[in-house]
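Quick notes on the structure that follows.
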Ligand SMILES: NC(=O)c1ccc[n+]([C@@H]2O[C@H](COP(=O)([O-])OP(=O)(O)OC[C@H]3O[C@@H](n4cnc5c(N)ncnc54)[C@H](O)[C@@H]3O)[C@@H](O)[C@H]2O)c1
């Protein structure tokens, strides 16, 4: 494993590869069944205590990484960190002035998964300005600060992976989700800039774009919409959430985590500045 790791690392930093670029076979080419091995790496996952973030934390730990769980909920974050042999940093990503301890830790990691997020649904004339700002702080400004803090270390080591958990709402809009759609579109832009600046240093940056995933965030929306529309929860899933999807089921958090791991693995060294959509055909129609 160690040998694979080294070759991959060298290739990963290949932008400065001094003549080897284009001739050095990637690990993925020489070892077609190479797996994502993150032993010796440190991965930071925001919103890691629940849903997609928790699945990502488990998947990256299974790949060998020391995982730093960042979350606003201390008990859940610390419990998962203990389970995974990782560590927890408790932070409210909406409180940008309180992020210094987190940014210090961010400076030590090789993988950043910007995942923390929240939703607020309201028509524009009634959308609370503070809620709009909160979503942008958590889902755009905090990722910017975390990545900015992480990049110098990644550059120094010549390897880094940034994965931004975007959404189909990073590519398409839905009514009543002004802050969320704005934030996810902004995250797509930030991700591309990270890709351009990081490329010469062996750093890739990508988004993953799920449609509805079965997590507490969505369970809450199902309950709310069932109450609003006066229909049973199953009908909210079928008639509202899956209406535009070709495959009529919610996505599992583990399916998203697998994509995140893939983007950190040996077959993804040439994937950067783009997004991987996992939406059961939602955006195809
Ligand atoms: N569930 C879906 O259908 C879906 C679809 C597409 C994209 N996403 C995105 O996936 C990400 C994770 O969503 P999820 O469904 O797993 O949600 P979730 O509610 O299960 O988990 C979100 C996590 O983020 C944390 N968090 C929220 N605000 C925070 C803050 N201010 N500071 C620190 N941590 C905070 C929460 O405590 C929680 O642990 C979000 O960015 C969301 O937009 C979700």
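Since every read-out is calculated from the coordinates, none of them should be taken as a lab result. Computed from a predicted model, the values in this text were never measured in an experiment. With ideal geometry, Cβ positions are generated from the backbone for all residues, glycine too; neighbour counts draw on all protein chains shown.
Residue separation times 0.36 nm, minus the C-alpha to C-alpha distance between residue 175 and residue 197: what's the value?
Between residue 175 and residue 197, full extension yields an extra 4.6 nm.
Mind telling me which of 254, 83, 141 comes out most flexible in a GNM of the chain, alpha-carbon contacts under 10 Å?
Highest fluctuation among the options: 83.
If you bin the C-alpha pair distances of the chain every 5 Å from 0, what whole percents do you get?
1, 6, 12, 16, 19, 16, 12, 8, 5, 2, 1, 0, 0, 0
Write down the Å³ per residue value for the convex hull defined by the alpha carbon atoms of the range 45-164.
Values: hull volume 12.0 nm³, N = 120.
Measuring per residue, one finds 100 Å³ for the Cα hull of the range 45-164.
Evaluate the distance, in nm, between pseudo-label points positioned 7 Å from the Cα of residue 127 and of residue 271 along their respective Cα→Cβ axes.
3.0
Just to be sure I understand: if I project the alpha-carbon convex hull of the range 143-243 onto a plane and average over all orientations, what area do I get in nm²?
The directionally averaged projection comes out at 7.2 nm².
Using Cα springs under 10 Å in a Gaussian network model of the chain, which residue among 66, 201, 31 shows the largest mean-square fluctuation?
It is 31.
Could you work out how far apart the two model spin labels at residue 156 and residue 75 are, taking each label as a point 7 Å from the Cα in the direction of the beta carbon, and quote it in nm?
Placing both labels 7 Å along Cα→Cβ, they lie 3.8 nm apart.
Going by average Cβ neighbours within 10 Å, how do the peptides 97-107, 265-275 rank, with the highest at the top? Numbers along the way, then the final one.
Working: 97-107: 14.9, 265-275: 17.7.
Output ranking for 97-107, 265-275: 265-275, 97-107.
Take the alpha-carbon centre of the range 227-285, take the same for the range 131-160, and report the distance between them in whole Å.
Centre-to-centre (Cα) distance: 24 Å.
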